[in-house]
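Presented below is the structure to which this report refers.
What follows draws every value from the coordinates through simple rules; no lab data is involved. Owing to the predicted nature of the structure, the values given are computational and were not obtained by experimental measurement. Here the Cβ positions follow ideal geometry from the backbone for every residue, glycine too, while neighbour counts run over all protein chains shown.
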């Protein structure tokens with residue numbers, strides 16, 4: 001009898017080991033891409049996923065440059081309807097996002113959220129596949145100066161017909177908020193994938209999340225796999241965002257100083273905790289030479305990065321091996 | 001529960017008991033491995049419309065499939081373990097221009113049509129890919 005009891009409990013314990021979390025999944029179509037969210041949880045995550053979808057939809061509208069929405073003072077409104085010198089109250093969510101961005105770019109001036117006029121010129125050539133703009137045309141555009149944007153106690157004023165473009169931050173910023181919303185509701189095991197942008201929570205098994213970094217030259221290949229938990233992994237300059245003209249690749253990330261696309265590397269991938277900062281830093285690192293980037297990352301303990309050079313060489317920051 | 005586990009520790013076991021436990025342990029471990037291996041059969045593609053899984057396609061069989069996207073029919077072709085979108089209605093035809101895919105690291109996304117095709121299979125070891 002005692003033997004049977006032992007056997008019984010051995011079996012119970014073994015069964016207990018294989019208990020898995022359920023996976024709750026959602027695809028959200030916003031910001032010109034699809035955001036895939038997986039939550040690993042014993043309790044039902046359907047409701048929170050609905051809330052996350054609302055969050056993305058809300059910021060999708062607020063940061064939209066190309067469409068106006070009834071009664072919403074979004075980026076389209078600021079760029080195209082708001083008069084120069086006129087002061088208007090913004091939704092605090094958009095105000096906070098613009099404020100956060102301006103604070104960041106004060107320190108890292110290559111990052112600029114007021115480059116809409118410049119981006120539009122490049123977009124026009126890219127969409128019609130009609131060559132590249134001349135320096136005269138680029139030099140003749142209206143302001144791309146962030147100092148023409150004044151934030152004042154919830155209100156915004158523009159001092160010229162400067163145009164905002166939050167493309168380099170919106171996705172990372174909302175993804176950070178989405179992760180925080182999941183965690184504050186007790187869902188701490190999750191992965192949010194949005195193309196160049198992945199955020200993961202606590203590991204759902206004994207292993208950390210395995211994230212592949214796509215080869216920017218051969219898109220069928222993964223050139224590096226990183227093991228992460230509670231981290232954001234963000235790539236700038238992936239193959240998908242290039243425009244090729246007469247054999248030359250032009251990235252979609254444009255240097256506000258030269259007015260031309262940055263061309264120091266094929267891609268750079270940043271690993272850090274906060275997805276909004278990761279989005280910004282990957283853009284920043286894409287716009288400075290790799291050697292400067294390595295020095296910068298090595299002097300910051302909360303960032304690690306890997307670069308794919310123009311010559312195909314791979315460079316990593318000193319702490320990157322922790323993720324390999 | 002705590003009480004019983006405590007008792008287990010006090011039971012005096014002879015060699016046969018230990019053998020029996022080892023045998024059961026080995027059988028259970030082997031079954032778990034066995035189940036896990038056969039759970040993942042050959043690779044297949046999952047087709048989603050928005051959030052809903054609308055079609056699961058075995059990539060080992062060539063064939064043509066039709067699903068309804070946001071802008072109308074989306075034609076899917078499977079050939080030599082690869083899958084592509086053959087025809088669809090969208091302004092820039094990005095997803096039919098993408099061509100065949102055959103690895104779990106690739107995804108076909110037809111944004112205007114809200115159709116996503118993902119490959120899953122034996123070599124599914126990554127949780128995600130940054131592009």
Assuming 0.36 nm per residue, please report the length gained on full extension of the stretch residue A:81 to residue A:292 beyond their Cα-Cα distance. 71.9 nm
Please rank A:50, A:273, B:88, fewest neighbouring Cβ atoms within 10 Å first, as an exposure proxy. A:50, A:273, B:88
Taking the Cα-to-Cβ direction at residue B:15 and at residue A:184 and moving 7 Å from each Cα, how far apart do the two end points lie in nm? 6.5
Fewest-first ranking of A:267, A:206, using other Cβ atoms within 10 Å as the exposure measure: A:206, A:267
Principal-axis tilt of helix A:116-128 within chain A, Cα atoms, nearest 10 degrees: 80
Measure nothing fancy, just the Cα-based angle from helix A:170-184's long axis to the longest principal axis of chain A, in degrees from 0 to 90, nearest 10. 30
Between residue A:120 and residue B:28, the FRET efficiency computed from the C-beta separation at R0 = 56 Å comes out, to the nearest 0.05, as 0.30
Which value at 222 nm does the protein assembly as shown reach when only helices count, each DSSP H run of 4 or more adding -39,500 (n - 2.57), with the total divided by all residues and rounded to the nearest 500 deg cm²/dmol? -10000 deg cm²/dmol
Extending each Cα 7 Å along its Cβ direction at residue A:21 and residue A:46, get the distance between those two points in nm, one decimal. 2.0
So what's the angle, to the nearest 10 degrees on a 0 to 90 scale, between helix A:275-286 and the longest Cα principal axis of chain A? 50
Evaluate peptide A:150-159: per residue, the Cβ atoms of other protein chains within 10 Å of its Cβ; return the mean as an integer. 0
For A:245, A:122, A:307, which order do you get if you count the other beta carbons within 10 Å of each Cβ and list the fewest first? A:245, A:122, A:307
Using only the Cα atoms of the range A:76-219, build the gyration tensor, take square roots of its eigenvalues as a ≥ b ≥ c, and label the shape rounded, prolate or oblate: rounded if a/c is under 1.5, else prolate if a/b is larger than b/c, else oblate. oblate
Using alpha-carbon pairs under 8 Å, 6+ residues apart, how would you state the relative contact order of the range A:66-158 in percent? 37
Quick check on the range A:49-131: take the gyration tensor over C-alpha atoms, sort the square-rooted eigenvalues as a ≥ b ≥ c, and tell me if it's rounded (a/c under 1.5), prolate or oblate. rounded
Within 10 Å of each Cβ in A:202-215, how many Cβ atoms from other chains are there, averaged over the peptide? 3
Long-range alpha-carbon pairs in the protein assembly as shown, meaning those over 37 Å apart, account in percent for 35
Relative contact order for chain A: what is it in percent, counting Cα pairs under 8 Å that are at least 6 residues apart? 14
Averaged over residues of A:216-227, the number of beta carbons from other chains lying within 10 Å of each residue's Cβ is 2
